[in-house]
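Colleague: Please see the structure below; I have some questions.
The values are calculated or read from the model by the stated rules, or taken from the named source; none is laboratory data. Being a predicted model, the structure only gives us computed values, none of them experimental. As a convention, Cβ positions derive from the backbone with ideal geometry for all residues, glycine included, and neighbour counts pool all protein chains shown.
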Amino acid sequence: MKFVIKHEIRGRIRVHLIGKAMSFAQADTLQYQFEQMKDVTAVKVQERTMDVTICYIGSRKHIITALGQFSYDKVEVPEVYLKNSGREMNRFYWDKLVDQTVVHFVNKIFLPAPLRAGIATVRSVKYIVQGVKTLAKRKIEVPVLDATAISVSLIRGDYKTAGAVMFLLSMGEILEEWTHKKSVGDLARSLSLNIDKVWLVTDDTEVQVSAAQIKEGDRIRVHMGAVIPFDGIVMEGEALVNQASLTGESLPVRKAAESPVYAGTVVEEGEITLLVKESTGSSKYEKIMTMIEDSEKLKSSLEGKAEHLADRLVPYTFLGTGLTLALTRNTVKALSVLMVDFSCALKLAMPLSVLSAIRESSAHDITVKGGKFLEAVAEADTIVFDKTGTLTKAQPTVVEVIPFDDRSPDEPLRIAACLEEHFPHSMATAVVVEAMKRGLVHEELHTKVEYIVAHGISSTINDKKIIIGSHHFVFEDEGAVVPEDKKEQFEQLPEQYSHLYMAMDGKLVAVICIEDPLRVETAEVIRE
C-alpha cells in the first residue's frame, strides 16, 4: 500500500493513503487489521478523506512496514465485524444532517417567497396532525405546542419562523434516531464474538467452514483455547469452560455430555463436540442485545427526563401567552412568548448530548446502553458491582496450604507445583506461582502425570500414588479418605475459598485454599 506521512509525533502517526476512493468495507478491513496488532493502542480510519491515524507503543518501523505491506485481499475479516462496525450508519446520518442543513439554507436564500410559503405549508401538515392527535387524547404536550407555533406562524404569514421551527424539530429527530441506533451498534460491537471459521463435524471428519454456514442441528468441534461460537449441547468430550463473560465466575466450569454451553464462553481445557441449538439470532448474547434494543431503557433522554419536562411546561407556555395578550393587548408580543418554544432546544440539545456522552464513554471502554442510564447515574445512591474481573483480578491465587499430616505447608505445595507445572490451567498456574514466590525448588521425582479433564491429575512419587483435584475426583472417583484425627479440621475448612485437594496412597495430605484476590485499587474506587 502506498501512503504519505502527513503528521507524526512520538507514539502517533497520521498517514494519507494514495489510491482510489475507499469503500466502507475497505476502511473496516484496514481498521480490523491494525486493531489486531499488539503494539497498536488505537486506530482511526477516515474513509472519506482516506486518512489513517495510528497510536502505538514500541517500534515506529514496525508500523511503517505493516502499512507498506498491507493488502485488502490478504485480510480475512469476520462477517459480523463488518456488519456491526457502524461506519456506514454514521456516514448515513452525518450526510442526512448535512443535507437537511444545506436544503434549508438554500431554500431560504435562493427560492422565491411564494415557493417557500408553499413548501412550509406542505411540511407543516405532519406536525399539525401530530398536535391534533395529541389533543384528541386530551393531552397538552409538546406536539400541541409545536403544532400551535407552526400554525400561528403560517396564519400570520411568517413562513420564515415556521420553517425555522420545523428545521430544528427535524434536526432533533435525526439526532435522536442516530443516538438510538448508535447505542445499539456500540452494544453489538461490545458483544460481538467476531468468529469467522468453525470446525464442522461430518461423519468422522472435521472440516473448517464459515460460521455463517452453520445451522441448527449441525455438530461442531471446539478445541482447547477456542471461543464457543453458538449455544448448544455437548455431545462428546469433556472440558473446563470459562463462563466469566456471561456469569462472572472466575473459575472454569466442567462440561460433559448433555451439558449446555453458551456462545462467548471459552474452552480452557479439553475438547468438546457440541450440537448447535441456536445458530443465528437466538444465542444468549444475541438475546441479551435484542432485549436491550427493544427495552424502554434504550430510549434516549429526549423520551425520558427531557420529554417529561417539556410536556409539563407546555401548559405554562400557553398560560404565558394568554397573560401577555390580556395585559398588553398586543398580539405580536403574546405570540412571541409562544414562538420561544423551548422544546425545540431540548429536542436538539438532549440527543446531541447523549450521543457525545456515549462516544466519550466508548473511548474509555465503557458501553452505555442508552441515554436513560446516563441520567440514572447522576441520581444513584447505590452501585452494585460485578465482582469477578471488576473488583477482583479474575486470577486465582493461593491463600493458604493446610496440611493433614506431619509435613510443613511448603512440602505439599512443592509436590503440587511439581505436578501442576505441566498444565496451563488457571488453578495449576496459581499453585506454581505460589511455589515460586516461596522459593520452593522441586525436582522431577514423579512418573508420567496423567491428566483427567475437569477432574484432576494423578501420578506416582516413590511408589506412592498422588492425586490432586476437585472434591468429586479425590473423594468420590478415587475413594480417598480424611485421616480420623483430622476430620474436625476438615469440617472447618474456610468456606470463602475454593479448595484443591491432595491425597497420597488414598489419604488426604493437604488442602490448598485458592481465592480470586481484590484489585489493589478496589477500596479507592468504591470510596470514590
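Colleague: Mind telling me which of the residues Leu154, Leu200 ends up being at pLDDT 90 or above and not assigned by TED's automatic domain parsing to the domain that holds Thr317?
Modeller: Leu200
Colleague: Sort through Val152, Val122, Val165 and tell me the only one that's out of contact with any Lys or Arg (no Cβ under 9 Å at 6 or more places or on another chain), of a type in the set (A, V, I, L, M) and closer than 20 Å to Leu309 by Cα.
Modeller: Val165
Colleague: Being at negative phi and of a type in the set (D, E, K, R) is the filter; apply it to the range 123-150 and report the residue that is modelled with the lowest pLDDT.
Modeller: Only one residue tops the list, namely Glu141.
Colleague: When you go through (1) buried (at least 17 other Cβ atoms within 10 Å of the Cβ); (2) assigned to a helix (DSSP H, G or I); (3) out of contact with any Gly (no Cβ under 6 Å at 6 or more places or on another chain); (4) modelled with pLDDT of 90 or more one by one for Ala120, which number turns out not to apply?
Modeller: Single failed check for Ala120: (3).
Colleague: Follow-up. Report, by residue number, each residue of the range 379-389 that is at pLDDT below 80 and either of a type outside the set (Lys, Arg) or within 25 Å of Tyr501 (Cα to Cα) (or both).
Modeller: Hits for the range 379-389 are Asp386, Thr388, Gly389.
Colleague: Now a separate question. Just give me the residues in the range 59-85 being small (Gly, Ala, Ser), surrounded by 13 or more Cβ atoms within 10 Å (Cβ to Cβ) and assigned by TED's automatic domain parsing to the domain that holds Arg12, in sequence order.
Modeller: Scanning the range 59-85 gives a single hit, Ala66.
Colleague: Right, Tyr451: over 33 Å from the mean Cα position of the chain (by Cα), in a strand (DSSP E or B) and at pLDDT 90 or above or not?
Modeller: Judged against the criteria, Tyr451 is not a match.
Colleague: Being at pLDDT 85 or above, over 19 Å from Leu338 (Cα atoms) and in contact with a strand residue (DSSP E or B) (Cβ under 7 Å, 6 or more places away or on another chain) narrows it down to one residue among Ile233, Ile174; which is it?
Modeller: Working: Ile174 fails: in contact with a strand residue (DSSP E or B) (Cβ under 7 Å, 6 or more places away or on another chain).
Within the list Ile233, Ile174, the selection yields Ile233.
Colleague: Can you work out which of the residues in the range 144-162 that are surrounded by fewer than 22 Cβ atoms within 10 Å (Cβ to Cβ) and not β-branched (Val, Ile, Thr) is nearest to Gln100 (Cα to Cα)?
Modeller: The extreme case among them is Lys160.
Colleague: Could you please find all residues in the range 123-160 being in a helix (DSSP H, G or I), under 15 Å from Pro315 (Cα atoms) and not polar (S, T, N, Q)?
Modeller: Answer for the range 123-160, where residues must be in a helix (DSSP H, G or I), under 15 Å from Pro315 (Cα atoms) and not polar (S, T, N, Q): Gly131, Leu135, Val142, Pro143, Val144, Leu145, Asp146, Ala147, Ala149.
Colleague: Of all residues being modelled with pLDDT of 80 or more and in a loop (DSSP other than H, G, I, E, B) in the range 412-448, which is surrounded by the fewest Cβ atoms within 10 Å (Cβ to Cβ)? Just the residue, please. Spell out the reasoning first.
Modeller: Step one: list which residues in the range 412-448 are modelled with pLDDT of 80 or more, which gives 412-421, 427-440.
Restricting the remaining residues to those that are in a loop (DSSP other than H, G, I, E, B) gives 421, 438-440.
Values: Glu421: 17, Arg438: 14, Gly439: 7, Leu440: 17.
Selected residue: Gly439.
For every residue, the table says whether it meets (1) among the hydroxyl-bearing types (Ser, Thr, Tyr); (2) in the same structural domain as Ala428 (by TED's automatic domain parsing); (3) at pLDDT 90 or above; (4) part of a helix (DSSP H, G or I).
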site: His472; (1), (2), (3), (4): no, yes, no, yes
site: Gly479; (1), (2), (3), (4): no, yes, yes, no
site: Phe490; (1), (2), (3), (4): no, yes, yes, yes
site: Leu493; (1), (2), (3), (4): no, yes, yes, no
site: His499; (1), (2), (3), (4): no, yes, yes, no
site: Val509; (1), (2), (3), (4): no, yes, yes, no
site: Ala523; (1), (2), (3), (4): no, no, yes, yes
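Colleague: On to the next question. Hey, among Ala503, Ala510, Ala523, which residue is small (Gly, Ala, Ser) and farther than 19 Å from Ala417 by Cα?
Modeller: Ala523
Colleague: Which one is farthest from the chain's Cα centre (by Cα), of the residues in the range 211-223 that are surrounded by 13 or more Cβ atoms within 10 Å (Cβ to Cβ) and not in a loop (DSSP other than H, G, I, E, B)?
Modeller: Filtering the range 211-223 for residues that are surrounded by 13 or more Cβ atoms within 10 Å (Cβ to Cβ) and not in a loop (DSSP other than H, G, I, E, B), the one farthest from the chain's Cα centre (by Cα) comes out as Arg219.
Table: residues versus (1) out of contact with any Phe, Trp or Tyr (no Cβ under 7 Å at 6 or more places or on another chain); (2) surrounded by fewer than 16 Cβ atoms within 10 Å (Cβ to Cβ); (3) farther than 22 Å from Pro252 by Cα.
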residue: Tyr451; (1), (2), (3): no, no, no
residue: His455; (1), (2), (3): no, no, no
residue: Asp463; (1), (2), (3): yes, yes, yes
residue: His472; (1), (2), (3): yes, yes, no
residue: Ala480; (1), (2), (3): yes, no, yes
residue: Glu488; (1), (2), (3): yes, yes, yes
residue: Pro494; (1), (2), (3): yes, yes, no
residue: Ser498; (1), (2), (3): yes, no, no
residue: Asp516; (1), (2), (3): yes, no, no
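Colleague: With respect to the numbered conditions (1) part of a loop (DSSP other than H, G, I, E, B); (2) closer than 21 Å to Leu82 by Cβ, which one is the sole condition not fulfilled by Ala27?
Modeller: The failed condition is (1).
Colleague: Anything in the range 398-411 that is crowded, with 18+ Cβ neighbours inside 10 Å and either without any contact (Cβ under 8 Å) to a residue 24 or more places away in the chain or not aliphatic (A, V, I, L, M) (or both)? List them, or say none.
Modeller: Once the filter is applied, which keeps residues that are crowded, with 18+ Cβ neighbours inside 10 Å and either without any contact (Cβ under 8 Å) to a residue 24 or more places away in the chain or not aliphatic (A, V, I, L, M) (or both), the range 398-411 yields Pro403, Phe404.
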